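The values are calculated or read from the model by the stated rules, or taken from the named source; none is laboratory data. What you are looking at is a predicted structure, and each value in this text was computed from that prediction instead of being measured. Cβ: placed from backbone, ideal geometry, glycine included. Neighbour counts: every protein chain shown.
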Ligand SMILES: C[S@@+](CC[C@H](N)C(=O)[O-])C[C@H]1O[C@@H](n2cnc3c(N)ncnc32)[C@H](O)[C@@H]1O
């Protein structure tokens, strides 16, 4: 239901959490966060079901797995200034601590729990092919499909037959399955056993007898071992703060012989503001925390591990933003 954004400047759209439908309804009538709403500073509140974590890389979505029922379209200029005041009143950290306490675990446990329960249901739909998604989820599905497509384009430049590929944080197998179809020996893992089980189910339905079945395993990124020709990690770093992301990039690089492909939500001023706005609207307790990453930070970690960026891609739809880097060992250049 939702409202269209009727802004003078380029509108941006962001997701907000679920439990604020009533609040939103009242904002809709006459004000923005209690302030009069002028035509130049209009916030259109979309009261439609979104329900998705931004795990995905959507900087706009309160990456919290829980985003959800509201979408805001915000005008720039004065609208942002008004929002800034409101933003300072929000306390996302406190909310996250409550969410972690409710889940009874640390941050990683919150993520695992989310992707094994409500997050699994949401992402299974988003990463599926059925019509059971709303327009926002459809947009995210299409954005994510572009990231997968760009990854496949990079990898398909030479034959994948018998090439070993680690798909770290494989989700429902969106990348693993086409790689196996191309003949690659895929090792795919995810922190969520529900996601891994779904990936295995989809793989067995999609693959022919002569195509190698990927090896699926429920485990977190930290505990992946072995050596692979290529390591891919798409849209997972959003669950890692920068101080841990550097170490994760180093770890992933240590698993790869020839190529490392990473995608992440890029940290820019604009996306940071959008994410902060999204945090105004708490999602349900299932929500996870989301982290954007500065490209320079990711590249610095790659360089420190002896890798250089060979290719950069960016996918940006209305609700999905993902930077894709292909890195290779510096010595190979
Ligand atoms: C947005 S999904 C992306 C899935 C897949 N890479 C894709 O692009 O289709 C993020 C995935 O990361 C997984 N994940 C989050 N934290 C993780 C961790 N610490 N270790 C392994 N997987 C993790 C989640 O369970 C979820 O399946």
Mind counting the residues in segment 196-231 that are within 8 Å of the ligand (Cβ to nearest atom) and not in a loop (DSSP other than H, G, I, E, B)?
-> 2
Only one of these conditions is not met by residue 174: (1) touching a helix residue (DSSP H, G or I) at 6+ places or on another chain (Cβ under 6 Å); (2) in a helix (DSSP H, G or I). Which number is it?
-> (2)
Can you tell me how many residues in segment 113-163 are more than 12 Å from the ligand (Cβ to nearest atom) and either part of a loop (DSSP other than H, G, I, E, B) or touching a strand residue (DSSP E or B) at 6+ places or on another chain (Cβ under 7 Å) (or both)?
-> 17
Inside segment 232-259, can you point out the residues that are in a strand (DSSP E or B), surrounded by 18 or more Cβ atoms within 10 Å (Cβ to Cβ) and more than 12 Å from the ligand (Cβ to nearest atom)?
-> 256, 259
Using the structure shown, decide if residue 182 is more than 9 Å from the ligand (Cβ to nearest atom), surrounded by fewer than 23 Cβ atoms within 10 Å (Cβ to Cβ) and either modelled with pLDDT of 95 or more or closer than 15 Å to residue 326 by Cβ (or both).
-> yes
Quick one: is residue 193 under 23 Å from the mean Cα position of the chain (by Cα), free of Cβ contacts under 8 Å to residues at least 12 places away in the same chain and within 14 Å of the ligand (Cβ to nearest atom)?
-> no
